[in-house]
Amino acid sequence: MEQKLSSVAKTFTPSPIQELSHLAQRSNAINLAEGFPDFPAPSHLKKAAISAINSDFNQYRHVQGICDHLANIMKEMHGLDFDPRTDMAICCGQTEAFAAAVFAIIDPGDEVVLFDPSYETYEGCIRMAGGIPVYVALEPPHWTLDPDRFINSFTARTKAVILNSPHNPTGKVFTKDELETIAGACCRRDCMAITDEVYEHITYDNIKHISLASFPGMQERTIITSSLSKTFSVTGWRVGWAIAPAFFASAIRNIHIKITDSAPAPFQEAALTALRSPPEYFEKLRREYESKRDYIVHLIAGIGFQIKFKPRGAFFLFAELPENYLLSDVEYVKELIKRAGVVAVPGCGFFHTTLSTEKLSQVGCSYQERYIRFAFCKSSATLAAAAQKLAELSDAMGGVIGGKNA
């Protein structure tokens, strides 16, 4: 019956990240693979959701107050004016908002520029719309953007650029100069931009998130997507949004209604409480995640990894295997699960390109096979348990976990 599947469906396989999370559950391993917290959501948000359910906000619903709050937040954070009545679309998480944005602007044959490495969802949405992903490799180990490489990726068929900053999987926060390069190219080539800003409140070392839409000429051509999920530790609530000029926001709302109709009603009500959070909430969030970042950097460096780039945002550490280590990233993760009972993500699943001057390690693997992503959005108890398991196995192996050194 496989021939009954669409050509797009035939290209999709189960997410390796989710498969590793399922493996962690089955083997009772510590899950540092998937990017969701294992600690409780804020109690006042849970109470707000329970109150909404008990108040019978359980049917299809659009909560306009979310849009009103988002308009205020965009003004305060970025100095941008959006009309909450026309420029917002509430969706089932950032994932649906992003997909609806792609479906709203991409036709078959349109090219879409993405930065590599990148989160797997983006390419899937582009291909479902009939678009063609065009990857621009960021330069390791600091994941810098080469302006010439970026500019040269544009053709007459380029329709849009995808930007995720703070960035999954690397933890990079695109610099002002890099954002100016992206904005300038979009304006000169009359291209759209779709941004994924779900980690907008999770930045470190006093770095502030800058939205691409805040650059001259960009508000009119940018679709911003984000959600409650990461900032408020409610990845299962599925409340997200797209913010864009009215013409695009209307198209996104129409697509959202055709696909899912409504984001979960009680969680939309609870979102009002979340979006009213005082500045102290976001400062505390940053401090706590910065502490977790420093903890896992110390931990992973202590078992032999090369930490050439310390995450500046999001909650992942993209760590490079030691130069003289024989196993690939996939082989390492298998050994990690089997010997330590800890799950992480092989970095190769985030890569789609090879730099023209290919970087090879001493063991002959390309740099795309040399990175492991560790999620540190976990409780202190989980991180401590992972540290104990990794340290014990590292001691037993005489150094780096998982196999032989060259």
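Quick look at the values:
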item: Calculated SAXS-style log₁₀ I(q)/I(0) at q = 0.13 Å⁻¹ - the chain, Debye, Cα scatterers; result: -1.17
item: Computed lengthening from S262 to A385, 0.36 nm per intervening residue step minus Cα-Cα distance; result: 40.3 nm
item: Cα gyration tensor shape of the range 141-212, rounded if a/c is under 1.5, else prolate or oblate by comparing a/b with b/c; result: prolate
item: Within the chain, percent of DSSP bridges classed antiparallel, to nearest 5; result: 50
item: Diffusion coefficient, µm² s⁻¹, Stokes-Einstein with Kirkwood Rh over alpha-carbon pairs of the range 261-341 at 25 °C and 0.890 mPa s; result: 152
item: Over the chain, relative contact order from alpha-carbon pairs under 8 Å, at least 6 apart, %; result: 23
item: GNM result for the chain, Cα springs below 10 Å: residue of S165, S55, S118 fluctuating most strongly; result: S55
item: Estimated dipole of the chain in Debye, rounded to 20 [Cβ of Lys and Arg +1, of Asp and Glu -1, Cα centre]; result: 620
item: Compactness of the range 86-186, expressed as Rg and Dmax over alpha-carbon positions, Å; result: 13.7, 42
item: Most positive-pole-ward Cα, A89, G131, T13, against dipole of the chain from beta carbon charges; result: T13
item: Heavy-atom accessible area per residue - the range 210-254, 1.4 Å, Å²; result: 29
item: Solvent-accessible area per residue, Å², over the range 19-98 with all protein chains present [probe radius 1.4 Å]; result: 53
item: The range 1-132 shape via C-alpha gyration tensor axes, a/c threshold 1.5; result: oblate
item: Carbon and sulfur %, accessible surface of the chain computed with the full protein complex present, 1.4 Å; result: 52
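The values are calculated or read from the model by the stated rules, or taken from the named source; none is laboratory data. Worth saying up front: this structure is predicted, and the values here are computed from it rather than measured. Using ideal geometry, Cβ is built from the backbone for each residue, glycine included, and neighbour counts are taken over all protein chains shown. All accessible areas refer to the heavy atoms of the entire protein, side chains included, with ligands and DNA or RNA removed. Shrake-Rupley method; radii C 1.70, N 1.55, O 1.52, S 1.80 Å.
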